[in-house]
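Novice: Supplied in structure tokens, the structure appears directly below.
Quick note: the coordinates plus some simple rules give every number you see, no bench work behind them. All values reported here derive from a predicted model rather than from experimental measurement. Cβ placement follows ideal geometry from the backbone for every residue including glycine, while neighbour counts extend to all protein chains displayed.
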Amino acid sequence: MSETMLDRAFTNYNAAKVLLVNMSCDEMFLNLVGYHLQQAVELTIKFLLEINGVRYPKIHTIEQLIALGNENDVDMHKCEYVEDHAEMFTAWESKSRYIMNYKLEQKKIERAVMEVEKFLQSVRSAEQSDATQMKSF
């Protein structure tokens, strides 16, 4: 079985969790946690677009990717948190890496970790359910 964007999303999510657990006392590492969370969200949305046959541009803007999914009636499995904080996740992609002295707040990161996990698990569960249904035919 080949690797999917959802697999990569889980890898980024797991990297974020490891960094948070082991390095949360260092603000620089909180930025890396934010970056990996953004990547997890972006890759999950791109996975959903891809499996639904929707072509997407090479962008990192979560709001645009969600809008593209909505325009194409893709079940995005998105929790309200991801949609409501799409702009925040988009900012974490570049600001956390390129803006000196940019610092993410630990409380926001901790909440995002929980919410991104819910999003990823929802998509994985739906994917596994679809695969099971396909095998029964």
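Novice: Treat each spin label as a single point 7 Å out from the Cα along the C-beta direction, and report the K103 to S2 distance in nm.
Specialist: The two pseudo-label positions are separated by 4.5 nm.
Novice: Less than 14 Å apart at the alpha-carbon level, and either on another chain or at least 8 residues along: which aspartates and glutamates does that give for K95?
Specialist: Correct list for K95: E27, E87, E105.
Novice: So how strong a dipole does the range 33-79 carry about its Cα centre when Lys and Arg Cβ are +1 and Asp and Glu Cβ are -1, to the nearest 20 debye?
Specialist: In total the dipole reaches around 160 debye.
Novice: Using 0.36 nm per residue, how much length does the chain from V18 to K58 gain when fully extended, once their Cα-Cα distance is taken away? Please list the in-between numbers first.
Specialist: Numbers: separation 40, 0.36 × 40 = 14.40 nm, distance 2.79 nm.
In short, 11.6 nm is gained.
Novice: Of the listed pairs K17/K58; K17/K107; K46/K107; K17/K46, which have alpha-carbon separations greater than 23 Å here?
Specialist: Beyond 23 Å: K17/K58; K46/K107.
Novice: Something else about it: Each residue of the range 57-66 in order: what ³J(HN,Hα) in whole Hz does its phi give by Karplus 6.51 cos²θ - 1.76 cosθ + 1.60, θ = phi - 60°, with x for Gly and Pro?
Specialist: Computed from phi, the couplings for the range 57-66 are x, 7, 10, 10, 7, 4, 4, 5, 5, 5 Hz.
Novice: OK, next. Would you mind computing Rg(Cα) / (2.2 N^0.38 Å) for the chain, counting N as its residues?
Specialist: Its radius of gyration relative to the 2.2 N^0.38 Å reference: 1.07.
Novice: Taking R0 as 25 Å, what's the FRET efficiency between I51 and S94 from their Cβ-Cβ distance, rounded to 0.05?
Specialist: That gives a FRET efficiency of 0.40.
Novice: Follow-up question, since we're still on this one. Let me test this: with uniform point scatterers at the alpha carbons of the range 58-98, what is the Debye-based log₁₀ I(q)/I(0) at q = 0.30 1/Å?
Specialist: Reported log10 I(q)/I(0), two decimals: -1.06.
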